[in-house]
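All remarks here apply to the structure that follows.
The values are calculated or read from the model by the stated rules, or taken from the named source; none is laboratory data. Worth saying up front: this structure is predicted, and the values here are computed from it rather than measured. Cβ: placed from backbone, ideal geometry, glycine included. Neighbour counts: every protein chain shown. Protein only, heavy atoms only, side chains kept; ligands, DNA and RNA dropped before computing areas. Shrake-Rupley method; radii C 1.70, N 1.55, O 1.52, S 1.80 Å.
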Amino acid sequence: MSSEEKEISYTITNTYSTLNTLTKATKNVWFVCHGMGYLSRYFLKYFKGLNSDENYIIAPQASSKFYIQPGFKHVGANWLTKEATVKDTENVIQNFDAIFEAENIPKDLNLIMFGYSQGVSVVMRYVAKRQLLCDQIVLHSGGIPKESKEEDFAFLNAKVTLICGIHDEYLKEDRLALETQKAQELFKDKLQVIMFEGKHEVNVDLINNLV
């Protein structure tokens, strides 16, 4: 007996969530990617402190959903795993392409690409793959993709902010040092590093001060 893994291609339908309304008063558009275990509509709560007239937030939804422990009552989602990462990354990129096409964001607005935890990797991969011209990239408590190279971001003229809690249980001191070094190699003088007193958690106060 022999087994074989085959590949198919098909179209899926997915959701994404938005906060506030895109109007003539809008100054900043945030594209915010949640971490593992979140749903996009709940991730939006961290951005409710931003001026609602000036900030429009778009939260894409990871398509891979699962029940969360304990109790298996609540649903979360994740972007990528070590299994079929390259193919799944392409699916994520097509997902983001569809959102940008649907939203038709005016070019004169400030575009902020924000990733939290696992969302950092998909933000960075999308910006690099699509050579996306944005005004700011925020990498909050997540890991930089191992394949990222300086030339991938040579086109970029954006402020890059690396944020992490001093007591982050997933980014211990040695891992944090490596991630910071990698970010400095990639972004040079464009990079700002902000450390805060906290664990692996979204820092709302820092978000509210990014614009």
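Observations, loosely collected:
- One residue alone among VAL127, VAL123, VAL92, VAL32 is in contact with a Cys (Cβ under 6 Å, 6 or more places away or on another chain) and surrounded by 13 or more Cβ atoms within 10 Å (Cβ to Cβ), and that residue is VAL123.
- Pair list, Cβ < 6 Å and 6+ apart or interchain, from region 84-108 residues that are farther than 17 Å from SER40 by Cα to residues that are surrounded by 15 or more Cβ atoms within 10 Å (Cβ to Cβ) and hydrophobic (A, V, I, L, M, F, W, C): ASP88/LEU80; ILE105/VAL29
- Residue satisfying all of: in region 61-86; under 18 Å from the mean Cα position of the chain (by Cα) and farther than 20 Å from VAL32 by Cβ; surrounded by the fewest Cβ atoms within 10 Å (Cβ to Cβ) among these: LYS82
- Within region 130-164, the set of residues being polar (S, T, N, Q), open to solvent by 20 Å² or more (accessible area, probe 1.4 Å) and touching a Phe, Trp or Tyr at 6+ places or on another chain (Cβ under 8 Å) comprises GLN131 only.
- Looking only at region 1-29, residues that are at pLDDT below 95 and either open to solvent by less than 10 Å² (accessible area, probe 1.4 Å) or of a type in the set (Lys, Arg) (or both) come to 1 in all.
- Output for region 105-148, where each listed residue is among the charged types (D, E, K, R) and either out of contact with any strand residue (DSSP E or B) (no Cβ under 7 Å at 6 or more places or on another chain) or over 16 Å from GLN192 (Cα atoms) (or both): LYS107, ASP108, ARG125, LYS129, ARG130, LYS146, GLU147
- Of the listed requirements (1) in a helix (DSSP H, G or I); (2) open to solvent by 20 Å² or more (accessible area, probe 1.4 Å); (3) modelled with pLDDT of 95 or more; (4) not polar (S, T, N, Q), PRO106 misses just one: (1).
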